[in-house]
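Read the figures in this text as sums done on the coordinates, not as results from a lab. Small disclaimer: the values here were computed from a predicted structure and weren't measured. Neighbour counts are summed over all protein chains in view; Cβ atoms, including those assigned to glycine, are modelled from backbone coordinates with ideal geometry.
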């Protein structure tokens, strides 16, 4: 009996969704940050096991939108809910269940014919008594909303605790069916998209609180360097970092370009691991005024 299908990982910002996806995949397929709303797109990780193929869908964190970008991200999450077999709600072990958790739980409770899982994340940050209290709170949340959780699973993505159990439970909840992607697939996105994300991840480190939401990255081209020896290939990558104001541009560039050089160095190291070749990375910082609220600029930036 072979099973295949889709499971969406949902939750409020900073619930540990992307870190969990990376742990399940055993490699980096989603960028992570301690900044809320880091994930801005639906990411599909393809998990192949002898008993089934699980397409795990990481979604942006549901939040109260303040911009057109925020509205579109929330809409993307809701669209994903209708096209999956199962939904796994991530709730951190180290934070009390709040209005955001209840809002998402009540929304998925209305969806027909879905397996609903509760994943208690970040269990490495609490002691056993605190974990027991949170597991009881999650169970009570389900009861209050008339959700019959398919399973409540505590995990630590950082320590890789119970991640295999989670995968097994999710596969068991999928319908019988053939593989949906080739057996050697692990993700289904163009290289340019993930390279742009790696650059944005580097740009998010060490910046001021109001800046992360204003940063977007577009990779213009990735081209093999001509004339390189066959055993030492190199790729040339040209990318633009967009912000909303000139003052933000100055922050990203830093004094005499110091901050931008750091971003380039950190991003290049991750990109080289991802592509498996040496990389020349050319970064430019540009201003796209109030792009989070401008429909035309959102389309231009891929949202």
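As a footprinting exposure proxy, order 150, 121 by other Cβ within 10 Å, with the fewest listed first.
So the ranking, lowest neighbour count to highest, is 150, 121.
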Percentage, to the nearest whole number, of Cα pairs in the stretch 3-172 over 19 Å apart: 52
Determine Rg/Rh for the stretch 37-110; Rg is computed over alpha-carbon atoms and Rh is the Kirkwood hydrodynamic estimate from the same atoms. 0.99
Run the numbers for residue 136 and residue 296: contour at 0.36 nm per residue of separation, minus the present Cα-Cα distance, in nm. 52.9 nm
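Pop the C-beta distance of residue 41 and residue 245 into the FRET formula with R0 = 35 Å and round what comes out to the nearest 0.05.
Approximately 0.90, to the nearest 0.05.
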Coordinate range along principal axes, alpha carbons of the stretch 240-293, Å, largest first: 36, 27, 12
If neighbour count is taken as other Cβ atoms inside 10 Å, put 266, 189 in order from fewest to most. 189, 266
Multiply the residue gap between residue 176 and residue 96 by 0.36 nm, knock off their C-alpha separation, and tell me the result in nm, one decimal place. 25.1 nm
What do you get for the angle between helix 163-172 and the principal long axis of the chain? Use alpha-carbon atoms, 0 to 90 degrees, nearest ten. 60
Rounded to the nearest whole number, the per residue volume of the convex hull around the C-alpha atoms of the chain in Å³ is 146
If the viscosity is 1.306 mPa s and the temperature 10 °C, what Stokes-Einstein diffusion coefficient in µm²/s follows for the stretch 191-300 when Rh is the Kirkwood radius over Cα pairs? 110
Which angle between 0 and 90 degrees, to the nearest 10, do you get for helix 99-109 versus the longest principal axis of the chain when only C-alpha atoms count? 60
If contacts are Cα pairs under 8 angstrom and at least 6 residues apart, what is the relative contact order of the chain in percent? 18
With -39,500 (n - 2.57) per DSSP H segment of 4 or more residues and division by the full residue count of the chain, the 222 nm estimate, nearest 500 deg cm²/dmol, is -11000 deg cm²/dmol
Given Cα positions, please report Rg to Rh for the stretch 101-154, the hydrodynamic radius being the Kirkwood one. 0.99
For the chain, longest principal axis from Cα atoms; helix 191-204 axis from its Cα atoms; angle between them, nearest 10 degrees, is 90
Simple label model, 7 Å out from Cα along Cβ direction - residue 71 to residue 111, nm: 2.3
Only Cα pairs under 8 Å and at least 6 apart count here; give the relative contact order of the stretch 191-300 as a rounded whole percent. 29
Would you please give the FRET efficiency between residue 225 and residue 83, computed as 1/(1 + (r/R0)^6) with r the Cβ-Cβ distance and R0 = 30 Å, to the nearest 0.05? 0.15
